[in-house]
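See below for the structure under consideration.
The values are calculated or read from the model by the stated rules, or taken from the named source; none is laboratory data. The shown structure was predicted, so the numbers you read here are calculated from the model rather than taken from an experiment. Quick reminder, even Gly has a Cβ in these numbers, built from the backbone with ideal geometry, and neighbours come from all protein chains shown.
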Amino acid sequence: MGTRHRVWIVRYEGWRPGAWGDVPAGAVAVEPAERRTMTARQARRYVEAFNRAVQDSPQKIWAVALPVSIRYVGDPQPGQAIAGSASA
């Protein structure tokens with residue numbers, strides 16, 4: 001599995017977008033655009049579509065794709081005994 005990305009919506013001040021792939025100087029994270037992670041290709045498409053839609057908007061928001069690592073905290077190891085009554 002290749003590098004995964006998470007697209008975040010950021011806000012910015014004192015910057016003007018030149019192209020959809022630009023990253024605002026001084027960007028501040030607002031919220032993830034989606035709950036899921038994406039491939040680089042999916043993230044690039046999402047960022048392009050979102051940023052083209054808001055490029056001329058008075059809102060100072062922008063989308064950026066960031067590489068992330070996924071950790072499975074609490075995942076058992078092979079051979080580990082499973083105890084307890086919790087289930088999803």
Original post:
Are there any pairs, at least 6 apart or on different chains, whose C-beta atoms fall under 6 Å, with the first in the stretch 4-28 and closer than 13 Å to F50 by Cβ and the second acidic (D, E) and at pLDDT 90 or above, and if so, which?
Top reply: I9/E31; W20/E48
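Return the residues of the stretch 39-50 that are more than 23 Å from I70 (Cα to Cα) and either loosely packed, with under 14 Cβ neighbours inside 10 Å or over 14 Å from the mean Cα position of the chain (by Cα) (or both); say none if nothing qualifies. I'd like the intermediate steps shown before the answer.
To start, the set of residues in the stretch 39-50 that are more than 23 Å from I70 (Cα to Cα) comprises 48-50.
Residue satisfying the conditions is A49 alone.
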Original post:
Any idea how many residues of the stretch 47-88 are free of Cβ contacts under 8 Å to residues at least 24 places away in the same chain and not polar (S, T, N, Q)?
Top reply: 19
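Need a quick list: strands (runs of 3 or more DSSP E) entirely within the chain having at least 3 residues that are touching a Leu at 6+ places or on another chain (Cβ under 9 Å). Full working, then the answer.
Working: elements: 4-11, 28-32, 61-68.
Hits in the chain: 4-11.
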Subject >> Residue check, A29 small (G, A, S), modelled with pLDDT of 95 or more and exposed (fewer than 14 other Cβ atoms within 10 Å of the Cβ) >> reply: yes
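Does E34 fit the bill of being on the phi < 0 side of the Ramachandran plot and within 14 Å of the chain's Cα centre (by Cα)? Spell out the reasoning first.
Details: on the phi < 0 side of the Ramachandran plot: yes; within 14 Å of the chain's Cα centre (by Cα): yes.
It is true that E34 is on the phi < 0 side of the Ramachandran plot and within 14 Å of the chain's Cα centre (by Cα).
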**OP:** Quick one: R36 ticks every box in (1) closer than 20 Å to S57 by Cβ; (2) loosely packed, with under 14 Cβ neighbours inside 10 Å; (3) not acidic (D, E) except a single one, so which number is it?
**Re:** (1)
